[in-house]
Each structure stands twice: as C-alpha cells, then as structure tokens.
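Each remark here refers to the structure printed beneath this line.
The values are calculated or read from the model by the stated rules, or taken from the named source; none is laboratory data. The structure displayed is predicted, hence computed values, not measured ones. Cβ atoms come from the backbone with ideal geometry, glycine included; neighbour counts cover every protein chain shown.
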Amino acid sequence: MKKVAPPDFPALIVKARMALGLNQTDFGKIVLTTRKTVGRWEAGFTAPPADCLRDIAMRVYAVDPELARALVESDGHTLHGLGIAPPPAPPVSDVLLDAIVYAAAEAADATPRVMRPAVLAAFKRARAAGVSVDAVVRALSADAAPSAKAKK
C-alpha cells in the first residue's frame, strides 16, 4: 500500500530538493530512488517511507535545520525522534537561575540584585557572538589560571 503524502508535504519536499541544489534525478539518486518517484512525492501522490524521509531530513538539516524540522513534522515525526538533532534543552528553573546569579554575586562580592542584570547582559552578548557557555567557561578558566599563578 502506498503512503499518501500529508497536504503540506509536496511543497516541503520541493524546498528540500532545492535547498540541496539538486534536480529530481540527482535527488532521487542520493536517496536511492528514481526521478519518477521524486516527481510523485512532489505532486503529493505518494510520500517516501520513513527511512527515506529520515535520510532526506538528515541531508537537509545540514543546510536548513528549520526546513528539515518542517519536513519531518509534516509526517508526524521530530528531528530528535529520528535521531537527527539532539533533544531540546529542558526549561531552566528559577532555582537554577538563582543559583547562577548567586554564584556570580558571591564571586564578585556583590548582591544578587546587582549581579542579575550583569549576568543577563553577559549571556546575551555571548549568544549574539555565537559563543557557547562551555566556550566561555573554558576561556574564563584559562584567564583565571595565569592570574592565580601571578599572585603567588
């Protein structure tokens, strides 16, 4: 029995193919099918099997993660569920946020009320610069090590 394409799938599969810069023939080759089958997907007559959809989404994820997400969600899947993307980060609790602010306040010998805007500004600046929290920790730890030796 042929798998029927969801209503928004044809447009998404065309966008996916275009995002990869491929014609129907070359797209079919990379996902191990024919140009004719790709044409059927794009016309909405059929949809790729789950393993093929996963392969397409993995390739698209590298160039357009949002398009890959829309593609798999149109078929009732998630990027995480297909093993393409990591699970979303859990929500940060107020207790955890307070612990971070209190740690910064203690290190700066300041009050949490004074430190909260500074911590927020630092995280916003790091995010805008595309710097991960891990990279900031590594950089600041490296900066702290020489100054600690200098004090001895």
- Is there a residue in segment 53-63 that is out of contact with any strand residue (DSSP E or B) (no Cβ under 7 Å at 6 or more places or on another chain), within 22 Å of P7 (Cα to Cα) and surrounded by fewer than 15 Cβ atoms within 10 Å (Cβ to Cβ)? no
- Within segment 82-100, restricting to residues that are farther than 30 Å from I13 by Cβ and among the aliphatic types (A, V, I, L, M), the one that is surrounded by the fewest Cβ atoms within 10 Å (Cβ to Cβ) is V95
- Item | Sole residue being in a helix (DSSP H, G or I), modelled with pLDDT under 95 and not assigned by TED's automatic domain parsing to the domain that holds A50, chosen from A85, A103 | A103
- V114 vs (1) more than 30 Å from L12 (Cβ to Cβ); (2) part of a loop (DSSP other than H, G, I, E, B): all pass except (2)
- Message: Can you tell me how many residues within segment 12-39 are among the hydroxyl-bearing types (S, T, Y) and buried (at least 16 other Cβ atoms within 10 Å of the Cβ)?
- Response: 2
- Would you mind listing the helices (runs of 4 or more DSSP H) fully within segment 1-70 where at least 1 residues are more than 20 Å from I84 (Cβ to Cβ) and of a type in the set (A, V, I, L, M)? 9-19, 35-43
- Taking segment 71-81 and the residues there that are outside any helix (DSSP H, G or I) and of a type outside the set (V, I, T), the one that is nearest to K15 (Cα to Cα) would be S74
